[in-house]
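S.K.: One structure follows; several queries about it will come next.
Every number here is computed from the coordinates shown, using simple stated rules; none is lab data. Fair warning: this is a prediction, and the values are worked out from it, not measured in the lab. Because the Cβ atoms are built from the backbone with ideal geometry, glycine has one as well, and the counts that use them run over all protein chains shown.
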């Protein structure tokens, strides 16, 4: 049984399946093609993991050019990278009031959704439910891809994605757990107060849901809803 904590093949020949579908029956949602594994080096690709909801996952993080790349780091609700991440330069912290601006609890598909803003189209940040669906319906292992540690998720249909342990960015950090821990923002925040936002932690033991400061810089792994 998998536990969740709420707190503060390699194959010599890849078997590839191409699945074409139309997300909505209108001209604003073009045909989307998905794969079980990346067919070439032109990332990102949509990976079909055979999930019940039909959700498709990107093969790499926003800002990464390869699946094991860390990509960019973003504070929750921000869409630009920074040289450092702190409360003092968090766009949505009101210095005069010493309070966080309320972005609402759902930024999916909005101007505050990094995946949607930077990649466009139907791309968006994942929700808690989509990460849990990924974990419930895929086997996973802590592994190393081209010298990068992370967690690989393998769907029952043979599709797979790799989430690198990219650690985080924060001006007060005195420790570096790159290669040991990975954090990924969620686009729907179910934290109990406005001073925290939800994210996913991956490590050698599994996947966990955690609440933390929205000022931290974490990577983003986009999805597309079918």
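S.K.: Which whole-number percent is the relative contact order of the range 25-169 (Cα, under 8 Å, 6+ apart)?
M.R.: 24
S.K.: Here's a follow-up. How would you rank 147-159, 212-224, highest first, on the average number of other Cβ atoms within 10 Å across their residues?
M.R.: Per-residue mean Cβ counts within 10 Å order the peptides as 212-224, 147-159.
S.K.: With 18 Å as the cut-off, how large is the P(r) tail for the range 137-217, expressed as percent of Cα-Cα pairs?
M.R.: Counting pairs separated by more than 18 Å, the tail of P(r) holds 47 percent.
S.K.: Right, something else. For the chain, what is the mean residue ellipticity at 222 nm derived from helices alone (per DSSP H run of n ≥ 4: -39500 (n - 2.57); sum divided by total residues; nearest 500 deg cm²/dmol)?
M.R.: -2000 deg cm²/dmol
S.K.: Right, next: What's log10 of I(q)/I(0) for the chain at q = 0.08, 0.13, 0.15 Å⁻¹, Debye sum over Cα points only, no solvent?
M.R.: Rounded to two decimals, the profile gives -0.28, -0.74, -0.99.
S.K.: For an R0 of 45 angstrom, estimate the FRET efficiency from the Cβ-Cβ distance between residue 102 and residue 65 and round to the nearest 0.05.
M.R.: Calculated value: 0.80.
S.K.: Turning to a different aspect of this structure: Simple spin-label model, 7 Å along Cα-to-Cβ: residue 111 to residue 83 in nm?
M.R.: 2.7
S.K.: In addition: What's the extension gain from residue 144 to residue 95 if we count 0.36 nm per residue and subtract their Cα-Cα distance?
M.R.: That works out to 13.4 nm of additional length.
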